[in-house]
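K.L.:
Mind having a look at this structure? Questions to follow.
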Amino acid sequence: MVEKRRRKLGEILLSQGLINHEQLLMALKEHKRTGATLGSVLVKLGFISEDELSGVLGAQIHLDQKKRIGEVLLEQGLITEQQLQLGLEEQKKNGLQLGKCLTNLGFITESKLVDVLSAQLDVQHVVLENFTFSRALIGQIPEEMARKYKVIPLFESDDVLTVAMADPTNLRTIDHLKFKTGKEIEPVIATEKSIVEAIEKNYSSGLEDMTRLLGQASTSEELDVVKVEDEFDSASDEEGAQVVKLANLLINQAILERASDIHIEPLEKYVRLRFRIDGELVEKNPIPLQLRAQITSRLKIMSGMDIAEKRKPQDGRFQIRFENREIDLRVSTYPMMTRKRGVNEKIVMRILDPYANNLTLDKLGFLPKMIKEFERVIEAPDGIILVTGPTGSGKSSTLYSCLQKIYDTSKNIVTMEDPVEIHLDGICQGQINTRAGFTFAEGMRSILRQDPDIIMIGEMRDLETCQMAIQAALTGHLVFSTLHTNDSASAYTRLLDMGIEPFLATSTIIAILAQRLVRKLCQKCKEAYQPDEELLKRIGLRSGVQFYKAKGCKFCNGSGYKGRIGVFELLIPDSNVSKLVSQRVPAEQIKQYCLKRGDFDTLRRDGLRKVLDGLTTIDQVLGATQNDTI
């Protein structure tokens, strides 16, 4: 049985392309020689990393002898004796398995329980979240059957189908699968939650159905001169149901792919669908042209817009429930002119997860020296901290991370935002509503009557708001806000242009952080290379340094990138900076002084450090930052 489980481990890693046959044979030989587990041998030989092993197979627990599940959980230190007794009492009441009772009571996670059951039953545990499924194999078990029995096929070898099951001891289910597929069934164990999620993602109700719906476009020449206004009226009931399903599917798929925006653009012969993923627009399967008007109307109804008004831009929003959390979508329509079809509406939907709570400063991409300085500054009792950069550069995420870092029950934190993008527990967040008279200036007056310790203003966009923020800082408050400027030094120029006196700016601003976002290299597949000497000379780096480039693997969907990180420029003013601001010198002169001071990195320099560390590519940094000269 142990030999069988070991063989299954090798097969799973082979099926995912994490190792090859030669590496498996070498590892098996070493395993027989040393007696070490196959997984640890593969890691020791450098064929696979520990993260990759646990990412596909979970924790590898080994038992010397068969024991009751309660004893194993106690031995592993996963539950206490008291929790075991409560679980046994619960089992007597409802008749469920002990493991299920313990997870229901919250004493152990389903994933940890499955690790233990895997060892007890000598059945391999598989983590489905990182598993790459075969579209051909998925079709061997019907969706209805997969949902009913909580199973999903993983791979096939020698006419044996390996299937992930929540309960691999259920012989009746295995017999049903044998009969349906005509193959021998080899069960492995996975959590019920991960199986259900994998079914949702991989069966026809997910991506496959979306591909089928989006692939039904008719590209006949008749579509070049169709009527613009009457398409919705002529839709059949079947098309109407298809439209509702399609709208839901494309939103769900965008969230699964970590998209920040959905773009729906009517072109001459089809409707282009694009997702913005990690800052880049990625084109997806087109939407059929005959469904253009219906899709637009459906999304406008969901967003609370006027579906009859097609000549002017509109804004709306709606909420959906995804994986037991509410996600907001901000929707914008914009009339665009097409050559043959007249005016059509382009729709852009911004996806916002208001309950995301994983924003921490150390995840934004700060280098160690800079994050130490920035964390020191945000702990100040008063003053103004500005975050600058263009739209979409991550300023709001940085502000939210700062508030989470300094949050304390002894402090009253009040924000004024347009809109509130992420909800933070324990923080009073205000939503700007210009129609109701709640503007930044009006809100600023009210905030000061709310006895705040820390204030966050979404944007310093007019003189009145800036003056009140400065007044708040002068009276002992810490103020966070944003400005739209190209770099940190330009923030002073922008404030002075708005009418702020230099002495007020210099006496209140304690730090200015400029930032950009660049795509982060996938750390599993990035490739090192020697850059061109001419390029190194142009950007001011010595020869012989190593850069990294994107390659592409299954973990990053072949893109070579996974997520984004910030490139930062932190200006902490001293007396000389204050003197230069008072003299109203150009921003470039302030930056030159900071560079000569020696403790200041520009956006370009910070980006180059991240290139050398293998976090991003030189193309990303050069495209996001300007050249700096001393």
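Residue by residue, here is whether (1) under 30 Å from residue 271 (Cα atoms); (2) of a type in the set (Lys, Arg); (3) in a loop (DSSP other than H, G, I, E, B); (4) in contact (Cβ under 8 Å) with a residue 12 or more places away in the chain holds:
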position	(1), (2), (3), (4)
346	yes, yes, no, yes
350	yes, yes, no, yes
365	no, no, yes, yes
369	no, yes, no, no
373	no, no, no, yes
376	no, yes, no, no
380	no, no, yes, yes
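K.L.:
So which residues in the range 251-291 are at pLDDT 85 or above, open to solvent by 10 Å² or more (accessible area, probe 1.4 Å) and farther than 28 Å from residue 519 by Cα?
P.N.:
Within the range 251-291, 267 is the sole residue that qualifies.
K.L.:
Sticking with this one: Listed residues 310, 372, 340; which is closer than 29 Å to residue 395 by Cα and among the charged types (D, E, K, R)?
P.N.:
Details: 310 fails: closer than 29 Å to residue 395 by Cα; 340 fails: closer than 29 Å to residue 395 by Cα.
Unique residue meeting the criteria: 372.
K.L.:
Further, regarding this structure: Suppose we keep only residues that are within 27 Å of residue 517 (Cα to Cα), assigned to a helix (DSSP H, G or I) and not hydrophobic (A, V, I, L, M, F, W, C) within the range 466-495. Which one would you say is nearest to the chain's Cα centre (by Cα)?
P.N.:
My answer is 490.
K.L.:
Another question, then. Do we have residue 455 as crowded, with 21+ Cβ neighbours inside 10 Å, touching a helix residue (DSSP H, G or I) at 6+ places or on another chain (Cβ under 9 Å) and in a strand (DSSP E or B) here?
P.N.:
Details: crowded, with 21+ Cβ neighbours inside 10 Å: yes; touching a helix residue (DSSP H, G or I) at 6+ places or on another chain (Cβ under 9 Å): yes; in a strand (DSSP E or B): yes.
For residue 455, the condition - crowded, with 21+ Cβ neighbours inside 10 Å, touching a helix residue (DSSP H, G or I) at 6+ places or on another chain (Cβ under 9 Å) and in a strand (DSSP E or B) - is met.
K.L.:
Of the residues in the range 607-629, how many are under 30 Å from the mean Cα position of the chain (by Cα) and more than 15 Å from residue 486 (Cβ to Cβ)?
P.N.:
15
K.L.:
If you don't mind, there's one more thing I want to ask. Quick test for you: out of 435, 449, pick the one residue that is assigned to a loop (DSSP other than H, G, I, E, B), under 29 Å from residue 351 (Cα atoms) and of a type in the set (Lys, Arg).
P.N.:
Numbers: 449 fails: under 29 Å from residue 351 (Cα atoms).
Just a single option satisfies the conditions, and that option is 435.
K.L.:
Tell me yes or no: at least one residue of the range 65-76 is β-branched (Val, Ile, Thr), modelled with pLDDT of 80 or more and in contact with a helix residue (DSSP H, G or I) (Cβ under 9 Å, 6 or more places away or on another chain). If you could, list the steps in order and put the result at the bottom.
P.N.:
Here is the first cut: in the range 65-76, the ones β-branched (Val, Ile, Thr) are 69, 72.
Still in the running and modelled with pLDDT of 80 or more: none.
No, the range 65-76 contains no residue that is β-branched (Val, Ile, Thr), modelled with pLDDT of 80 or more and in contact with a helix residue (DSSP H, G or I) (Cβ under 9 Å, 6 or more places away or on another chain).
K.L.:
Filter the range 292-324 for residues that are in contact with a Pro (Cβ under 8 Å, 6 or more places away or on another chain), buried (at least 18 other Cβ atoms within 10 Å of the Cβ) and in a loop (DSSP other than H, G, I, E, B) and give the result.
P.N.:
310
K.L.:
If only one of 555, 547 is within 25 Å of residue 370 (Cβ to Cβ), under 28 Å from the mean Cα position of the chain (by Cα) and of a type in the set (Phe, Trp, Tyr), which one is it?
P.N.:
Values: 555 fails: within 25 Å of residue 370 (Cβ to Cβ).
Being within 25 Å of residue 370 (Cβ to Cβ), under 28 Å from the mean Cα position of the chain (by Cα) and of a type in the set (Phe, Trp, Tyr) holds for just one of 555, 547, which is 547.
The values are calculated or read from the model by the stated rules, or taken from the named source; none is laboratory data. Owing to the predicted nature of the structure, the values given are computational and were not obtained by experimental measurement. Counting neighbours? That spans all protein chains shown, and the Cβs are built from the backbone with ideal geometry, glycine included. Ligands, DNA and RNA are stripped out before the accessible areas are found, and what is left, the full protein with its side chains, is counted by its heavy atoms. Shrake-Rupley method; radii C 1.70, N 1.55, O 1.52, S 1.80 Å.
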